[in-house]
């Protein structure tokens, strides 16, 4: 059987591309090297937050919100209906949220500026000395990227929307006179008009020199959880001032080059640390991520130092008596400074990769997939 499109990689990026290609009438095969769908719990909801993206990508993030709302019923996946709230903890951050609010309002992306009094009335346990104002996007929400691609793959395969084949590690991909051929390590051979590589592992394996110069790099991702006292309710996903200072949308604000970095932020920003407050079931958590461009092994030695920094920063926002780190992990994560890597290998083979699905760039995935498949197949 010859396919219109073979997608390699059944993560969120590959799964959404396969879905939208099929929606536009194409015969699609989705390959993944893992032997079967991973059976896992939901994990944490990751926020779909176009508000965090640069102007170049924000429109696609807004398309993601619309696409996921439409797909929620079809695939029966769970959406965490909690909006995004950015906190300003000093005057520089206050200037940034005011500027971004104005930019987004002028571009038709609604938001609400909240006063200190309004925020503290919602969340009285926040430190009043370190909350000046907030910027709210009630329309944003969270999804569960650990389970969503697997649920979509199972549904699409069972209903004949997309052919999904797992345990198929790709060994070779090459162009022919008409279309291209994909061969797997087990000797399977598949043909298609187009091939889309949405897997960094396969990209590096098949095209090592291109991968080396792509800007996609592995970094150590530290994740820490601090459980808050029972009974604290969150109606929003709260992003601290650290996030305001690091997300691309705020970096594009006119005043950003002039902002001052306080001493207590210097090493936190250097390590790409982002502090969020979110709800996970009945539990409210402080959730901290730190990204470092070095190996996981090297960063294990620095984990204790990071813990001290995290507790100190968490106490600035939440002046609670005890803030104990309950869970921590270190993993390898791939990403690119350009948010996503796009490359046409030849007329029939394309790479779309490098999206870190544990960052704001996850917000790009559904909208980017829909738009790229629309362009490939000339859909208006």
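The values are calculated or read from the model by the stated rules, or taken from the named source; none is laboratory data. Everything numeric here is computed off the predicted structure, so don't read it as measured data. Cβ placement follows ideal geometry from the backbone for every residue including glycine, while neighbour counts extend to all protein chains displayed.
So here's what we get for this one:
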quantity: Residue under evaluation residue 55, criteria (1) surrounded by fewer than 23 Cβ atoms within 10 Å (Cβ to Cβ); (2) within 28 Å of residue 287 (Cβ to Cβ); (3) in contact with a strand residue (DSSP E or B) (Cβ under 7 Å, 6 or more places away or on another chain), criterion not met; calculated: (3)
quantity: Qualifying positions in region 7-35 - within 22 Å of the chain's Cα centre (by Cα) and in a helix (DSSP H, G or I); calculated: 12, 13, 14, 15, 16, 17, 18, 19, 20, 21
quantity: Filter pass, residue 23 being surrounded by fewer than 19 Cβ atoms within 10 Å (Cβ to Cβ), at pLDDT 95 or above and under 30 Å from residue 110 (Cα atoms); calculated: yes
quantity: The lone exception for residue 326 - which of (1) surrounded by 15 or more Cβ atoms within 10 Å (Cβ to Cβ); (2) modelled with pLDDT of 75 or more; (3) over 30 Å from residue 204 (Cβ atoms) it fails; calculated: (1)
quantity: One residue from 30, 85 being in contact with a strand residue (DSSP E or B) (Cβ under 7 Å, 6 or more places away or on another chain), under 30 Å from residue 128 (Cα atoms) and surrounded by 16 or more Cβ atoms within 10 Å (Cβ to Cβ); calculated: 85
quantity: Test for residue 195: is it within 14 Å of residue 34 (Cβ to Cβ) and part of a strand (DSSP E or B); calculated: no
quantity: Given (1) farther than 30 Å from residue 168 by Cβ; (2) touching a helix residue (DSSP H, G or I) at 6+ places or on another chain (Cβ under 6 Å); (3) modelled with pLDDT of 95 or more, number of the condition residue 79 does not satisfy; calculated: (3)
quantity: Verdict on residue 319 being at pLDDT 80 or above and over 30 Å from residue 4 (Cα atoms); calculated: yes
quantity: Hey, residue 164 crowded, with 18+ Cβ neighbours inside 10 Å, in the same structural domain as residue 348 (by TED's automatic domain parsing), in contact with a helix residue (DSSP H, G or I) (Cβ under 9 Å, 6 or more places away or on another chain) and part of a strand (DSSP E or B) or not; calculated: yes
quantity: Residue within region 169-190 that is part of a helix (DSSP H, G or I), in contact with a helix residue (DSSP H, G or I) (Cβ under 7 Å, 6 or more places away or on another chain) and outside the structural domain of residue 283 (by TED's automatic domain parsing) present; calculated: no
quantity: Condition met for residue 61 (surrounded by fewer than 21 Cβ atoms within 10 Å (Cβ to Cβ), over 27 Å from residue 185 (Cα atoms) and in contact (Cβ under 8 Å) with a residue 60 or more places away in the chain); calculated: no
quantity: Residue in region 206-222 that is modelled with pLDDT under 95 and over 17 Å from residue 336 (Cα atoms) present; calculated: yes
quantity: Failed condition for residue 142, given (1) crowded, with 16+ Cβ neighbours inside 10 Å; (2) touching a strand residue (DSSP E or B) at 6+ places or on another chain (Cβ under 7 Å); (3) modelled with pLDDT of 95 or more; calculated: (3)
